[in-house]
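See below for the structure under consideration.
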Amino acid sequence: MHPVFLRLGMTLPILQAPIGSMASPELAAAVCEAGGLGQLSFTWKNAGQQESDMEKMRLLTKRNWGANFVLDFPVEEQLARALDRGVGLVSFFWGDGSEHLPSITLAGAVSAQVVGTVDEARRAADAGFDIVVAQGAEAGGHVRGTMGTLALVPQVVDAVSPLPVVAAGGIADRRGVAAAFALGAAGVWVGTRFLAAREADVHPVYRDEVLRATGDRAIRCEAFDIGWPAAPHRVLVNSTVRAWTNAGRPRAPHRPGEAQQVALRPDGSGISRYHFAAPHSGMSGDVEAMALYAGEGVGLVREVEPAATIVADLARGIPELAG
(Lines give C-alpha, C1' and ligand atoms only; values in the text may rest on other atoms or scores of the structure.)
Protein backbone atom coordinates (compact mmCIF):
# COMPACT_ATOMS: atom_id res chain seq x y z
CA MET A 1 0.00 0.00 0.00
CA HIS A 2 1.24 3.49 -0.81
CA PRO A 3 3.01 5.31 2.06
CA VAL A 4 0.52 8.21 1.97
CA PHE A 5 -2.25 5.82 3.00
CA LEU A 6 -0.08 4.36 5.74
CA ARG A 7 0.54 7.90 6.96
CA LEU A 8 -3.22 8.23 7.36
CA GLY A 9 -3.35 4.98 9.32
CA MET A 10 -5.38 3.21 6.65
CA THR A 11 -5.10 -0.54 6.25
CA LEU A 12 -7.06 -0.57 2.97
CA PRO A 13 -6.69 1.91 0.08
CA ILE A 14 -10.44 2.51 -0.08
CA LEU A 15 -11.81 6.04 0.26
CA GLN A 16 -15.51 6.77 0.68
CA ALA A 17 -16.41 9.64 -1.61
CA PRO A 18 -17.88 12.74 0.09
CA ILE A 19 -21.47 12.13 -1.02
CA GLY A 20 -22.88 15.43 0.21
CA SER A 21 -25.34 15.38 3.09
CA MET A 22 -25.69 11.60 2.77
CA ALA A 23 -22.16 11.18 4.17
CA SER A 24 -23.08 11.10 7.84
CA PRO A 25 -20.50 10.91 10.63
CA GLU A 26 -21.79 7.39 11.27
CA LEU A 27 -20.94 6.39 7.69
CA ALA A 28 -17.55 8.09 7.58
CA ALA A 29 -16.53 6.66 10.95
CA ALA A 30 -17.66 3.16 10.01
CA VAL A 31 -15.53 3.27 6.85
CA CYS A 32 -12.55 4.43 8.91
CA GLU A 33 -13.07 1.68 11.48
CA ALA A 34 -13.16 -0.87 8.65
CA GLY A 35 -9.68 0.19 7.52
CA GLY A 36 -10.56 2.65 4.75
CA LEU A 37 -11.00 6.40 4.95
CA GLY A 38 -14.42 8.03 5.36
CA GLN A 39 -15.09 11.61 4.37
CA LEU A 40 -17.56 14.33 5.25
CA SER A 41 -18.63 17.18 2.99
CA PHE A 42 -18.43 20.52 4.81
CA THR A 43 -18.97 22.98 1.96
CA TRP A 44 -22.61 23.70 2.80
CA LYS A 45 -22.45 23.20 6.58
CA ASN A 46 -22.75 26.14 8.95
CA ALA A 47 -20.46 26.40 11.97
CA GLY A 48 -22.85 24.60 14.31
CA GLN A 49 -23.49 21.74 11.90
CA GLN A 50 -19.81 21.30 11.17
CA GLU A 51 -18.81 21.35 14.84
CA SER A 52 -21.52 18.79 15.60
CA ASP A 53 -20.28 16.48 12.84
CA MET A 54 -16.66 16.79 13.96
CA GLU A 55 -17.58 16.06 17.58
CA LYS A 56 -19.44 12.94 16.45
CA MET A 57 -16.39 11.83 14.51
CA ARG A 58 -14.26 12.29 17.63
CA LEU A 59 -16.62 10.05 19.58
CA LEU A 60 -17.09 7.42 16.87
CA THR A 61 -13.51 6.82 15.72
CA LYS A 62 -9.93 7.47 16.73
CA ARG A 63 -8.77 7.00 13.16
CA ASN A 64 -8.01 9.70 10.61
CA TRP A 65 -10.88 10.85 8.42
CA GLY A 66 -11.34 13.27 5.56
CA ALA A 67 -13.09 16.57 4.85
CA ASN A 68 -14.11 17.62 1.35
CA PHE A 69 -14.59 21.14 -0.01
CA VAL A 70 -16.20 22.27 -3.27
CA LEU A 71 -14.42 25.32 -4.59
CA ASP A 72 -17.37 26.83 -6.45
CA PHE A 73 -18.40 28.05 -2.99
CA PRO A 74 -16.57 29.92 -0.18
CA VAL A 75 -14.92 27.34 2.07
CA GLU A 76 -12.24 29.23 3.99
CA GLU A 77 -14.02 29.18 7.35
CA GLN A 78 -15.07 25.55 7.08
CA LEU A 79 -11.55 24.53 6.08
CA ALA A 80 -10.01 26.40 9.01
CA ARG A 81 -12.36 24.68 11.45
CA ALA A 82 -11.54 21.26 10.04
CA LEU A 83 -7.80 21.86 10.25
CA ASP A 84 -8.15 23.15 13.80
CA ARG A 85 -9.81 19.86 14.72
CA GLY A 86 -6.95 17.85 13.23
CA VAL A 87 -8.64 16.37 10.16
CA GLY A 88 -6.36 13.81 8.48
CA LEU A 89 -7.21 14.36 4.81
CA VAL A 90 -8.44 17.46 2.99
CA SER A 91 -9.82 16.96 -0.52
CA PHE A 92 -10.88 19.60 -3.03
CA PHE A 93 -13.33 19.38 -5.91
CA TRP A 94 -14.51 21.66 -8.71
CA GLY A 95 -11.58 24.02 -8.67
CA ASP A 96 -7.89 24.31 -7.88
CA GLY A 97 -7.23 24.00 -4.16
CA SER A 98 -3.51 24.75 -4.34
CA GLU A 99 -3.82 28.11 -2.56
CA HIS A 100 -4.82 26.19 0.57
CA LEU A 101 -1.83 23.83 0.52
CA PRO A 102 0.34 25.89 2.91
CA SER A 103 -2.28 25.78 5.67
CA ILE A 104 -2.89 22.06 5.10
CA THR A 105 0.82 21.31 5.26
CA LEU A 106 1.21 23.42 8.39
CA ALA A 107 -1.60 21.45 10.04
CA GLY A 108 0.06 18.15 9.12
CA ALA A 109 -2.85 16.93 7.00
CA VAL A 110 -2.75 15.06 3.69
CA SER A 111 -4.03 16.90 0.60
CA ALA A 112 -5.99 15.51 -2.34
CA GLN A 113 -7.21 17.17 -5.53
CA VAL A 114 -10.05 15.69 -7.60
CA VAL A 115 -9.46 16.13 -11.34
CA GLY A 116 -11.30 15.29 -14.53
CA THR A 117 -8.52 15.82 -17.08
CA VAL A 118 -4.86 14.99 -17.48
CA ASP A 119 -3.94 18.68 -17.54
CA GLU A 120 -5.69 19.24 -14.20
CA ALA A 121 -3.76 16.28 -12.82
CA ARG A 122 -0.43 17.72 -13.93
CA ARG A 123 -1.27 21.06 -12.33
CA ALA A 124 -2.17 19.34 -9.07
CA ALA A 125 1.06 17.38 -9.07
CA ASP A 126 3.12 20.48 -9.82
CA ALA A 127 1.35 22.36 -7.01
CA GLY A 128 2.40 19.76 -4.47
CA PHE A 129 -0.73 17.74 -3.70
CA ASP A 130 -0.16 14.43 -1.93
CA ILE A 131 -2.89 12.55 -3.85
CA VAL A 132 -4.58 13.03 -7.21
CA VAL A 133 -8.11 11.63 -7.58
CA ALA A 134 -8.94 10.90 -11.23
CA GLN A 135 -12.72 11.10 -11.61
CA GLY A 136 -14.10 9.38 -14.69
CA ALA A 137 -17.31 10.54 -16.32
CA GLU A 138 -19.17 7.44 -15.05
CA ALA A 139 -19.20 8.98 -11.58
CA GLY A 140 -22.38 9.99 -9.83
CA GLY A 141 -23.04 13.47 -8.52
CA HIS A 142 -21.20 16.39 -10.06
CA VAL A 143 -18.78 15.30 -12.76
CA ARG A 144 -15.67 17.29 -13.53
CA GLY A 145 -14.61 15.87 -16.92
CA THR A 146 -15.89 13.92 -19.91
CA MET A 147 -13.35 11.12 -20.22
CA GLY A 148 -14.23 7.66 -18.91
CA THR A 149 -12.43 6.10 -15.97
CA LEU A 150 -10.86 3.36 -18.08
CA ALA A 151 -9.10 5.92 -20.30
CA LEU A 152 -8.50 8.69 -17.75
CA VAL A 153 -6.86 6.79 -14.90
CA PRO A 154 -3.85 5.30 -16.75
CA GLN A 155 -3.17 8.60 -18.51
CA VAL A 156 -3.20 10.43 -15.18
CA VAL A 157 -0.98 7.74 -13.66
CA ASP A 158 1.54 8.21 -16.46
CA ALA A 159 1.36 12.00 -16.16
CA VAL A 160 1.94 12.34 -12.40
CA SER A 161 3.96 9.25 -11.43
CA PRO A 162 5.21 8.56 -8.75
CA LEU A 163 2.37 10.54 -7.11
CA PRO A 164 -0.43 8.18 -6.01
CA VAL A 165 -3.55 8.28 -8.15
CA VAL A 166 -6.93 7.27 -6.73
CA ALA A 167 -9.49 6.08 -9.27
CA ALA A 168 -13.09 7.35 -9.11
CA GLY A 169 -16.14 6.79 -11.27
CA GLY A 170 -18.14 3.62 -11.85
CA ILE A 171 -16.38 1.58 -9.15
CA ALA A 172 -19.02 -0.27 -7.14
CA ASP A 173 -17.73 -3.79 -6.51
CA ARG A 174 -14.56 -5.82 -6.23
CA ARG A 175 -14.26 -6.15 -10.02
CA GLY A 176 -14.15 -2.37 -10.39
CA VAL A 177 -11.51 -2.20 -7.68
CA ALA A 178 -9.41 -4.83 -9.45
CA ALA A 179 -9.74 -2.93 -12.72
CA ALA A 180 -8.62 0.32 -11.06
CA PHE A 181 -5.46 -1.30 -9.75
CA ALA A 182 -4.79 -2.88 -13.15
CA LEU A 183 -4.89 0.66 -14.59
CA GLY A 184 -2.17 1.74 -12.16
CA ALA A 185 -4.29 3.33 -9.42
CA ALA A 186 -3.02 3.23 -5.86
CA GLY A 187 -6.52 3.34 -4.37
CA VAL A 188 -10.22 3.77 -5.12
CA TRP A 189 -12.79 6.47 -4.37
CA VAL A 190 -16.30 5.01 -4.09
CA GLY A 191 -19.57 6.93 -3.73
CA THR A 192 -22.65 5.28 -5.19
CA ARG A 193 -22.08 1.95 -3.43
CA PHE A 194 -22.10 3.73 -0.07
CA LEU A 195 -25.55 5.22 -0.75
CA ALA A 196 -26.76 1.75 0.22
CA ALA A 197 -24.71 1.66 3.42
CA ARG A 198 -26.85 1.23 6.51
CA GLU A 199 -25.14 4.23 8.11
CA ALA A 200 -25.66 6.66 5.20
CA ASP A 201 -28.13 9.49 5.76
CA VAL A 202 -30.15 8.69 2.64
CA HIS A 203 -33.90 9.20 2.37
CA PRO A 204 -35.64 5.80 2.03
CA VAL A 205 -37.23 6.81 -1.27
CA TYR A 206 -33.81 7.76 -2.70
CA ARG A 207 -32.27 4.54 -1.43
CA ASP A 208 -35.04 2.45 -2.99
CA GLU A 209 -34.50 4.18 -6.33
CA VAL A 210 -30.77 3.39 -6.14
CA LEU A 211 -31.43 -0.28 -5.39
CA ARG A 212 -33.85 -0.58 -8.32
CA ALA A 213 -31.82 1.34 -10.89
CA THR A 214 -29.69 0.05 -13.73
CA GLY A 215 -26.66 1.92 -15.00
CA ASP A 216 -28.37 3.24 -18.11
CA ARG A 217 -30.79 5.18 -15.90
CA ALA A 218 -27.92 7.30 -14.53
CA ILE A 219 -27.57 10.15 -17.01
CA ARG A 220 -25.25 13.12 -17.25
CA CYS A 221 -27.06 16.45 -17.53
CA GLU A 222 -27.38 19.95 -16.07
CA ALA A 223 -31.00 19.76 -14.97
CA PHE A 224 -30.52 20.37 -11.24
CA ASP A 225 -28.73 23.69 -11.45
CA ILE A 226 -30.52 25.94 -8.96
CA GLY A 227 -27.94 26.84 -6.34
CA TRP A 228 -25.05 25.45 -8.39
CA PRO A 229 -25.27 26.59 -12.02
CA ALA A 230 -23.19 25.36 -14.96
CA ALA A 231 -22.09 22.21 -13.14
CA PRO A 232 -22.78 18.96 -15.03
CA HIS A 233 -23.90 16.05 -12.88
CA ARG A 234 -25.05 12.44 -13.12
CA VAL A 235 -28.45 11.61 -11.67
CA LEU A 236 -31.09 8.91 -11.94
CA VAL A 237 -33.88 9.64 -14.39
CA ASN A 238 -36.91 10.53 -12.27
CA SER A 239 -40.17 12.42 -12.71
CA THR A 240 -38.41 15.80 -12.96
CA VAL A 241 -35.89 14.59 -15.54
CA ARG A 242 -38.59 12.83 -17.58
CA ALA A 243 -40.81 15.94 -17.71
CA TRP A 244 -37.84 18.13 -18.62
CA THR A 245 -36.69 15.69 -21.33
CA ASN A 246 -40.18 15.33 -22.79
CA ALA A 247 -40.35 19.13 -23.03
CA GLY A 248 -37.15 19.18 -25.09
CA ARG A 249 -34.78 20.02 -22.24
CA PRO A 250 -35.49 23.76 -22.20
CA ARG A 251 -33.34 26.13 -20.19
CA ALA A 252 -34.47 28.00 -17.09
CA PRO A 253 -36.92 29.60 -16.54
CA HIS A 254 -38.91 27.65 -19.11
CA ARG A 255 -38.67 24.16 -17.61
CA PRO A 256 -41.79 22.22 -16.53
CA GLY A 257 -42.68 22.96 -12.92
CA GLU A 258 -39.92 25.54 -12.62
CA ALA A 259 -41.48 27.43 -9.72
CA GLN A 260 -42.77 24.42 -7.80
CA GLN A 261 -41.63 23.54 -4.30
CA VAL A 262 -41.23 19.77 -4.17
CA ALA A 263 -39.87 19.06 -0.69
CA LEU A 264 -39.04 20.47 2.74
CA ARG A 265 -35.85 20.46 4.77
CA PRO A 266 -35.99 19.54 8.46
CA ASP A 267 -36.05 23.25 9.36
CA GLY A 268 -39.16 23.76 7.23
CA SER A 269 -37.48 25.60 4.37
CA GLY A 270 -38.59 24.62 0.89
CA ILE A 271 -36.66 22.93 -1.89
CA SER A 272 -37.63 23.91 -5.40
CA ARG A 273 -37.69 21.62 -8.38
CA TYR A 274 -34.31 21.67 -10.16
CA HIS A 275 -32.42 22.59 -6.98
CA PHE A 276 -29.13 20.72 -6.65
CA ALA A 277 -29.91 19.34 -3.16
CA ALA A 278 -30.31 15.57 -2.81
CA PRO A 279 -32.80 13.98 -0.39
CA HIS A 280 -31.49 12.89 2.99
CA SER A 281 -33.53 11.24 5.69
CA GLY A 282 -34.73 14.43 7.36
CA MET A 283 -36.51 15.75 4.27
CA SER A 284 -40.19 15.37 3.42
CA GLY A 285 -42.44 15.83 0.43
CA ASP A 286 -42.04 14.60 -3.12
CA VAL A 287 -38.39 13.69 -2.65
CA GLU A 288 -38.45 11.38 -5.70
CA ALA A 289 -38.54 14.56 -7.81
CA MET A 290 -35.27 15.85 -6.34
CA ALA A 291 -31.74 15.25 -7.62
CA LEU A 292 -31.05 11.53 -7.15
CA TYR A 293 -27.30 11.44 -7.73
CA ALA A 294 -25.84 8.08 -8.77
CA GLY A 295 -23.07 6.81 -11.00
CA GLU A 296 -23.24 4.27 -13.80
CA GLY A 297 -22.17 1.56 -11.37
CA VAL A 298 -25.56 1.89 -9.65
CA GLY A 299 -26.77 -1.33 -11.27
CA LEU A 300 -24.26 -3.21 -9.11
CA VAL A 301 -25.77 -1.84 -5.89
CA ARG A 302 -28.47 -4.31 -4.90
CA GLU A 303 -28.86 -4.36 -1.12
CA VAL A 304 -28.47 -2.31 2.01
CA GLU A 305 -25.41 -3.42 3.98
CA PRO A 306 -23.25 -2.13 6.83
CA ALA A 307 -20.41 0.07 5.62
CA ALA A 308 -17.90 -2.43 7.01
CA THR A 309 -19.37 -5.15 4.79
CA ILE A 310 -19.11 -2.90 1.74
CA VAL A 311 -15.48 -2.07 2.52
CA ALA A 312 -14.64 -5.76 3.00
CA ASP A 313 -16.25 -6.68 -0.32
CA LEU A 314 -14.44 -3.90 -2.19
CA ALA A 315 -11.17 -4.99 -0.57
CA ARG A 316 -11.46 -8.40 -2.23
CA GLY A 317 -10.59 -6.68 -5.50
CA ILE A 318 -7.24 -5.39 -4.20
CA PRO A 319 -4.60 -7.58 -5.90
CA GLU A 320 -2.65 -8.56 -2.80
CA LEU A 321 -5.89 -9.45 -1.00
CA ALA A 322 -7.76 -11.08 -3.89
CA GLY A 323 -8.44 -14.77 -3.77
Checklist entry - residue 9 passes all but one of (1) at pLDDT below 95; (2) of a type outside the set (Lys, Arg); (3) more than 18 Å from the chain's Cα centre (by Cα); which number fails? => result (1)
Item to check | helices (runs of 4 or more DSSP H) wholly inside region 155-272 containing at least 1 residues that are under 20 Å from the mean Cα position of the chain (by Cα) | outcome: 174-182, 204-212
Item to check | All positions within region 251-279 that are within 22 Å of residue 207 (Cα to Cα) and of a type in the set (Ser, Thr, Tyr) | outcome: 272, 274
Item to check | region 144-154: number of residues that are in a loop (DSSP other than H, G, I, E, B) and either closer than 12 Å to residue 115 by Cβ or not assigned by TED's automatic domain parsing to the domain that holds residue 41 (or both) | outcome: 3
Next on the checklist: Based on this model, can you work out whether residue 91 counts as part of a helix (DSSP H, G or I) and either at pLDDT 95 or above or not basic (Lys, Arg) (or both)?
Outcome noted: no
Checklist entry - residue 202 versus (1) crowded, with 18+ Cβ neighbours inside 10 Å; (2) in contact with a strand residue (DSSP E or B) (Cβ under 6 Å, 6 or more places away or on another chain); (3) of a type in the set (Val, Ile, Thr): which is the lone unmet condition? => result (2)
Item to check | First in region 276-297 and farther than 16 Å from residue 24 by Cβ, second anywhere and aromatic (Phe, Trp, Tyr) and at pLDDT 95 or above, Cβ under 6 Å, 6 or more apart | outcome: 276/224; 276/228; 291/224; 291/276; 292/206
Checklist outcome for this item: Of the candidates 235, 304, the one satisfying the condition of being buried (at least 21 other Cβ atoms within 10 Å of the Cβ) and touching a residue at least 24 places away in the same chain (Cβ under 8 Å) is 235
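So that you can scan it fast, the table gives a plain yes or no per residue for (1) in contact with a Leu (Cβ under 8 Å, 6 or more places away or on another chain); (2) part of a helix (DSSP H, G or I); (3) touching a residue at least 40 places away in the same chain (Cβ under 8 Å):
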position: 9; (1), (2), (3): no, no, yes
position: 15; (1), (2), (3): yes, no, yes
position: 18; (1), (2), (3): yes, no, yes
position: 44; (1), (2), (3): no, no, no
position: 48; (1), (2), (3): no, yes, no
position: 68; (1), (2), (3): yes, no, yes
position: 78; (1), (2), (3): no, yes, no
position: 82; (1), (2), (3): no, yes, yes
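The values are calculated or read from the model by the stated rules, or taken from the named source; none is laboratory data. Computed from a predicted structure; not experimentally measured. Backbone-built Cβ (ideal geometry, glycine too); neighbour counts: all protein chains shown.
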